Amino acid sequence: GAGVSQTPSNKVTEKGKYVELRCDPISGHTALYWYRQSLGQGPEFLIYFQGTGAADDSGLPNDRFFAVRPEGSVSTLKIQRTERGDSAVYLCASSPTSGDYNEQFFGPGTRLTVL
Amino acid sequence: AQTVTQSQPEMSVQEAETVTLSCTYDTSESNYYLFWYKQPPSRQMILVIRQEAYKQQNATENRFSVNFQKAAKSFSLKISDSQLGDTAMYFCASPRAGGGADGLTFGKGTHLIIQP
């Protein structure tokens, strides 16, 4: 079946602009995660959804970052007033249910470049 | 905060050799899972192997196996008969936190290069 997809694969924007990054999880997966991967680093947790609600958004770096999952499937990560330091690969993952034991299935990521 | 440490930024071995990637972690949980993920140049993270901390037996998946030392909080990955397709970044991951929190904490990764 189809895996996790993310669009766009690459996004170049100017400092101060607003961007939206989209994640389509595997059908039926209730848990959805966003991570940010800076160059030379491992992924860092941003936010986790269980169904439609954000169960834990403690990894969001500041209030310029926001994510939604209104129907419990597709999720959008929104970044306002982008800064050069936001440049990174944004990874989305989904899992059949929540829980530390579950394998997370990752998408290919969106590479965001802020000029 | 949970931490995961991978002390080898890069490793290079010849095809068909065996290689071991090291990982140490910090957790206050009594039961948890640990993971090794592979990230090829395509960026897509793929689960390589998973270990439950309660299990004494080390996990094995074909050419991949782990050496899990719970007391030492060590979780190394052994790749036998390495192949060119094993060239990738490898990340060790542990649960982000206990108490029902979800998500993973990743190490900085080891870049593994398999030479022909």
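The values are calculated or read from the model by the stated rules, or taken from the named source; none is laboratory data. Predicted, not measured: the structure shown is a model, and the values here were computed from it. Here Cβ is always computed from backbone atoms with ideal geometry, including for glycine, and neighbour counts include all displayed protein chains. Note: accessible area is taken over every heavy atom of the protein model, side chains too, but ligands, DNA and RNA are not part of it. Shrake-Rupley method; radii C 1.70, N 1.55, O 1.52, S 1.80 Å.
Applying the set (1) open to solvent by 40 Å² or more (accessible area, probe 1.4 Å); (2) within 28 Å of A:Ala88 (Cα to Cα); (3) modelled with pLDDT under 95; (4) away from chain A (no Cβ under 11 Å) to B:Thr24 leaves exactly one unmet item: (3).
Scanning segment A:31-60 for residues that are in a loop (DSSP other than H, G, I, E, B), at pLDDT below 95 and within 14 Å of the chain's Cα centre (by Cα) gives A:Asp57, A:Ser58, A:Gly59.
Out of all the residues in segment B:45-70, which are modelled with pLDDT under 90 and either among the small types (Gly, Ala, Ser) or in contact with a Gly (Cβ under 9 Å, 6 or more places away or on another chain) (or both)? Selection gives B:Ala53 alone. Look at A:Asp100 and say whether it is at pLDDT 95 or above, assigned to a loop (DSSP other than H, G, I, E, B) and out of contact with any Cys (no Cβ under 6 Å at 6 or more places or on another chain). So A:Asp100 fails the test. Within segment B:27-44, the set of residues being at pLDDT below 95, farther than 18 Å from A:Gly3 by Cβ and of a type outside the set (S, T, N, Q) comprises B:Glu29, B:Tyr32, B:Tyr33, B:Leu34. Tallying residues that are touching a residue at least 24 places away in the same chain (Cβ under 8 Å), more than 17 Å from the chain's Cα centre (by Cα), under 21 Å from B:Arg96 (Cα atoms) and open to solvent by 50 Å² or more (accessible area, probe 1.4 Å) within segment A:99-115 yields 0. Residues that are polar (S, T, N, Q), within 12 Å of B:Lys73 (Cα to Cα) and in a loop (DSSP other than H, G, I, E, B) within segment B:11-30 comprise B:Ser22, B:Thr27, B:Ser28, B:Ser30, listed in sequence order.
Sort out which residues of segment A:77-97 are out of contact with any helix residue (DSSP H, G or I) (no Cβ under 9 Å at 6 or more places or on another chain), outside any loop (DSSP other than H, G, I, E, B) and surrounded by 14 or more Cβ atoms within 10 Å (Cβ to Cβ), and write them in order of number. Within segment A:77-97, A:Leu77, A:Asp86, A:Ala88, A:Val89, A:Tyr90, A:Leu91, A:Cys92, A:Ala93, A:Ser94, A:Ser95 qualify. Going by the conditions given, is A:Lys15 of a type in the set (D, E, K, R), part of a strand (DSSP E or B), open to solvent by 20 Å² or more (accessible area, probe 1.4 Å) and away from every other protein chain (no Cβ under 14 Å)? Here the answer is no, as A:Lys15 does not meet what is asked.
In segment A:31-64, of all residues being of a type in the set (S, T, N, Q), more than 23 Å from A:Thr97 (Cβ to Cβ) and within 11 Å of another protein chain (Cβ to nearest Cβ), the one that is surrounded by the fewest Cβ atoms within 10 Å (Cβ to Cβ) corresponds to A:Ser38. For segment A:65-76, filtering for residues that are assigned to a loop (DSSP other than H, G, I, E, B), on the phi < 0 side of the Ramachandran plot and open to solvent by 10 Å² or more (accessible area, probe 1.4 Å) leaves 4. A:Gly28 meets the conditions (1) within 14 Å of chain B (Cβ to nearest Cβ); (2) at pLDDT below 95 in every case but one. The failed one is (1).
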